[in-house]
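Undergrad: Below you will find the structure I want to go over with you.
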Amino acid sequence: MKAKLFLENLNVGDMVEIFLDDGEPIGNVPRSLENNGQEILEIKRVNNYFSIKVKKLK
């Protein structure tokens, strides 16, 4: 939910990197963002968390 609210304040075309924990967050957040019309550019594991690069499309 925090990621979605954060993206609302960005301009279309802006990109942001979001850090998520393993488990439920990494399973749900990318899918939720895509369902809301955002583009997931990259998902990679970094030590004990995941980095997700997102481009705001609408």
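Undergrad: Got a sec to turn the phi values of segment 4-17 into Karplus ³J(HN,Hα) couplings, 6.51 cos²θ - 1.76 cosθ + 1.60 with θ = phi - 60°, whole Hz, x for Gly and Pro?
TA: Using θ = phi - 60°, the values come out as 4, 5, 4, 5, 4, 8, 9, 8, 4, x, 5, 10, 9, 10 Hz.
Undergrad: Please enumerate, by chain and number, the lysines with C-alpha under 23 Å from the C-alpha of residue 44, excluding those fewer than 8 residues away in the same chain.
TA: Partners found: 2, 4, 53, 55, 56.
Undergrad: Place a +1 charge on the Cβ of each Lys and Arg in the chain and a -1 charge on the Cβ of each Asp and Glu, then give the dipole magnitude about the Cα centre in debye, rounded to the nearest 20.
TA: On the way: 9 positive and 9 negative charges, 24 e Å.
Computed charge dipole of the chain: roughly 120 debye.
Undergrad: So, one more: Could you work out how much longer the chain between residue 22 and residue 6 gets when fully extended? Use 0.36 nm per residue separation minus the Cα distance between them, nm to one decimal.
TA: Extra length from residue 22 to residue 6 when fully extended: 3.7 nm.
Undergrad: Nearest 10 degrees is fine. How inclined is helix 24-35 to the longest principal axis of the chain, computing both from alpha carbons?
TA: For 24-35 against the chain, the angle is about 20 degrees.
Undergrad: Between residue 44 and residue 31, what is the spin-label point distance in nm, taking each point 7 Å from the Cα along the Cα→C-beta axis?
TA: 2.5
Undergrad: Quick one: accessible surface of residue 50, probe radius 1.4 Å, all protein chains present, in square angstrom to the nearest 10.
TA: About 30 Å², ignoring ligands and nucleic acids.
The values are calculated or read from the model by the stated rules, or taken from the named source; none is laboratory data. For clarity, every value in this text was computed on a predicted model and none was experimentally measured. Backbone-built Cβ (ideal geometry, glycine too); neighbour counts: all protein chains shown. The accessibility values were calculated without ligands, DNA or RNA, using every heavy atom of the protein model including side chains. Shrake-Rupley method; radii C 1.70, N 1.55, O 1.52, S 1.80 Å.
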